Amino acid sequence: MRDGHIHFHNQPYTLDTIADMVVTAMDKGIDEIWLLDHTHKFKEFDFLYKYITDQETLDWYNGAKGDISIKEYLDFVDLVKGLEWPIKIKFGLEVCYFPECEEELKKAMDSIVDLDFYIGSVHYALGAGIDIKKKIQEQFNIDELYIDYFDRIKKAVRSGLFDVIGHPGLIKLFGLLPDKELHSKLIEELAIECSKHMQRVENNTGSLRHGYPYGGMSPEMLRAFLKHNVKFHKSSDAHTYKDIGRAFDSIIENTI
């Protein structure tokens, strides 16, 4: 079993961190872990975030962004890959996708040769962060916010840049939902787009970390992806090794 989305976050790039992750994964019956960090941690990806226009989101970003070079991460990847481990370990990046700078993003990704996978995620719509605070979402017309969010995910799918699309239902995090008919239409269109482009996505339990009542896709999104035979695997979105494999017994995957 794989956990396809595990962050270093504030954990150091050390072999002790890897050992903690490996032991926890093995205890959960997981034999493959995909490790990564957000692009906002690395100064080489600052260009992505110039499309944020919401002031509260900008304040959050300026406090959260890192100032290290991705070379520090890649050097650590090389170190870990040079050693033997009892389970399979892959390394990647979670890339914040902004269609406004797709070509620039492609060049940045092409310059990195040492990573095994890229997860493309949409964390921003209408210039604002959709998973930071409920009140940021509340300042927008929720239908318009959802339309822009799903449009950006579909563009990420069509870009062909990503091995996996991260947490495709993230926008539901604060319980604000659009018109029901519109929501169903957006989900169905995304499922069709993923199927057309053979795009794998995540069934991601990270919403539990924010107090959401359940982990993984919404039942409606799950039905749509299964209907269109979209491939998806389990991911914890762990930000600490202790959350690896969190609530995996409550979600399914479709990887055959």
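The values are calculated or read from the model by the stated rules, or taken from the named source; none is laboratory data. All values reported here derive from a predicted model rather than from experimental measurement. Positions of Cβ are generated from backbone atoms using ideal geometry, with glycine treated the same way; all protein chains shown enter the neighbour counts. Remember, those area values only see protein heavy atoms, side chains included, never the ligands or the DNA or RNA. Shrake-Rupley method; radii C 1.70, N 1.55, O 1.52, S 1.80 Å.
Observations, loosely collected:
- Set Phe8, Phe47: member being open to solvent by less than 60 Å² (accessible area, probe 1.4 Å), over 18 Å from Val80 (Cα atoms) and of a type outside the set (Asp, Glu): Phe47
- Unmet criterion (only one of (1) out of contact with any Phe, Trp or Tyr (no Cβ under 6 Å at 6 or more places or on another chain); (2) in a helix (DSSP H, G or I); (3) not β-branched (Val, Ile, Thr)) for Leu186: (1)
- One residue stands out in region 209-248 among those that are part of a loop (DSSP other than H, G, I, E, B) and of a type in the set (A, V, I, L, M): the one that is nearest to Ile30 (Cα to Cα), namely Ile244.
- Tyr146 fulfils the conditions (1) under 27 Å from Phe91 (Cα atoms); (2) buried (at least 20 other Cβ atoms within 10 Å of the Cβ) except for a single criterion, (1).
Here's the yes/no breakdown for (1) out of contact with any Asp or Glu (no Cβ under 8 Å at 6 or more places or on another chain); (2) under 21 Å from Val230 (Cβ atoms):
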site: Tyr97; (1), (2): yes, yes
site: Glu102; (1), (2): yes, no
site: Lys107; (1), (2): yes, no
site: Lys154; (1), (2): no, yes
site: Gly169; (1), (2): yes, yes
site: Ser184; (1), (2): no, yes
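- When region 149-182 is filtered for residues that are farther than 28 Å from Ile112 by Cβ and open to solvent by 30 Å² or more (accessible area, probe 1.4 Å), the ones remaining, listed by number, are Phe174, Gly175, Leu176, Leu177, Asp179, Lys180, Glu181, Leu182.
- Pairs where the first residue, in region 197-208, is at negative phi and of a type in the set (Val, Ile, Thr) and the second is at pLDDT 95 or above and assigned to a strand (DSSP E or B), C-beta under 7 Å, 6+ apart: Val201/Val164; Val201/Ile165; Val201/Phe232
- Residue within region 72-82 that is open to solvent by less than 10 Å² (accessible area, probe 1.4 Å), modelled with pLDDT of 95 or more and closer than 30 Å to Lys134 by Cα present: no
- Condition met for Asp114 (open to solvent by 20 Å² or more (accessible area, probe 1.4 Å) and closer than 16 Å to Ala191 by Cα): no
- Filtering region 207-242 to residues that are closer than 21 Å to Glu94 by Cβ, open to solvent by 40 Å² or more (accessible area, probe 1.4 Å) and in contact with a Ser or Thr (Cβ under 7 Å, 6 or more places away or on another chain) leaves Lys231, Tyr241, Lys242.
- Taken over region 13-43, the criterion of being in contact (Cβ under 8 Å) with a residue 60 or more places away in the chain, under 28 Å from Phe98 (Cβ atoms) and open to solvent by 10 Å² or more (accessible area, probe 1.4 Å) is satisfied by Tyr13, Trp34.
- Cβ pairs under 8 Å, 6+ apart, first in region 155-167 and in contact (Cβ under 8 Å) with a residue 60 or more places away in the chain, second open to solvent by less than 10 Å² (accessible area, probe 1.4 Å) and of a type in the set (Phe, Trp, Tyr): Ser159/Tyr97; Leu161/Tyr97; Phe162/Tyr97; Asp163/Phe117; Val164/Phe117
- Failed item, numbered, when Ala64 is tested on (1) closer than 23 Å to Val201 by Cβ; (2) exposed (fewer than 14 other Cβ atoms within 10 Å of the Cβ); (3) within 18 Å of the chain's Cα centre (by Cα); (4) of a type outside the set (S, T, N, Q): (1)
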